[in-house]
Each structure stands twice: as C-alpha cells, then as structure tokens.
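This report concerns only the one structure given below.
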Amino acid sequence: MTLSAIWSLVVNAKDEISIGFLVLIIVASLVQVSKININPWDWFFGLIGKKLNKEVFDKVGEIETKLDKHIADDNKEKLEAKRRDILAFANSCMTGRKHTQEQFIFVIKECDEYEKYIEDNHVKNGEITSAIEEIHRLYTKCLQQNLFLKPGEEYY
C-alpha cells in the first residue's frame, strides 16, 4: 500500500471513527515492522489466544494437580512397600531363618534407598531403624562366619 493510497483513504473517510481506525492500523503496522520491541499484533493475538484457550489452560492445571497428587501417593506407597519388605526380612532373620548373600544384598540396597528417601524428603523414620541395624549386624556376622544359606541347604 502506497502513501498516496493511504492518504486517499484518510481523506475519503466519512467520520472520525474511520479515521481513528485507519491511523491505528497504520501506526500498529509501522511499530510491528520497526526494530522497536513493542509488538502490538503479538500482544493482541496473544490476548485473544489466552481467551480462546482458557478452558484448556484450566484443564491442564487440573491435570497437573491430579498428577502431582498421584506421584505423591505413589511415592508414599513405594516407601511403605520398602518398609514392609525390610521389616519382614528382619523378622525372618530374627526368627532364625537363613538367607542367601544375594537376599541380604538386595534388602540392604532397599534399606539404603529407604534411608536416602527419608533423608531427601525430610520424612520421620522411627519405625524400622532397629530392623535395619539388625539386618546389617546379621549380614556382617554371616560374612565373617560364612553363615549364608547355600544351594541345597534348608532355610532353618
């Protein structure tokens, strides 16, 4: 659009609203093209996009909240499962049942993961401290005296 064409539009405009609208379009176009970091078209279309997508944004927010709760619940359940496994193994050891070295290593790894989670997430642990200590004590004893369950041996 040439300057003469723009001028003819301004001159032929019938009322003040038409002139104002034309001036606004021209100024907005010049600002958008110029090196100034003011982009009125981007702002305008962004505003329209936010209005049109409000429901989508709200739904995404709801999904994020549900997902965060699901992750927290899942972490809590995993922690409880580790706690149950550790207590069951400690109880089995304290009642005299023998275990393989691999079983001890697996449970000690579970103990380490449990303690790391407790430390990282500032969760109180008073339930299985003695069980973990007993597992470590029995593992050390089995290492020193070669008391691990071997293939073909009975559990007791």
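The values are calculated or read from the model by the stated rules, or taken from the named source; none is laboratory data. The shown structure was predicted, so the numbers you read here are calculated from the model rather than taken from an experiment. For neighbour counting, all protein chains shown are included, and Cβ atoms are generated from backbone atoms with ideal geometry for every residue, glycine included.
Residue count for the range 120-140, restricted to those that are touching a residue at least 24 places away in the same chain (Cβ under 8 Å), of a type in the set (Val, Ile, Thr) and closer than 14 Å to ASP85 by Cα: 3. Looking for something touching a helix residue (DSSP H, G or I) at 6+ places or on another chain (Cβ under 9 Å), surrounded by 15 or more Cβ atoms within 10 Å (Cβ to Cβ) and modelled with pLDDT under 95 - is there at least one such residue anywhere in the range 70-79? There is at least one residue in the range 70-79 that is touching a helix residue (DSSP H, G or I) at 6+ places or on another chain (Cβ under 9 Å), surrounded by 15 or more Cβ atoms within 10 Å (Cβ to Cβ) and modelled with pLDDT under 95. Screening PRO151 against (1) over 35 Å from the mean Cα position of the chain (by Cα); (2) at pLDDT 90 or above leaves a single unmet condition, (2). Pick from LYS116, LYS124: which is over 30 Å from GLU153 (Cβ atoms) and part of a helix (DSSP H, G or I)? Step by step, each of LYS116, LYS124 is checked, and only LYS116 is over 30 Å from GLU153 (Cβ atoms) and part of a helix (DSSP H, G or I). For the range 62-84, residues that are within 16 Å of ALA131 (Cβ to Cβ), out of contact with any Phe, Trp or Tyr (no Cβ under 9 Å at 6 or more places or on another chain) and of a type outside the set (A, V, I, L, M, F, W, C) total 2. Of everything in the range 85-110, what is buried (at least 18 other Cβ atoms within 10 Å of the Cβ) and either outside the structural domain of LEU138 (by TED's automatic domain parsing) or closer than 15 Å to THR140 by Cα (or both)? Give them in sequence order. Matches in the range 85-110: ALA90, CYS93, HIS99, PHE104, VAL107.
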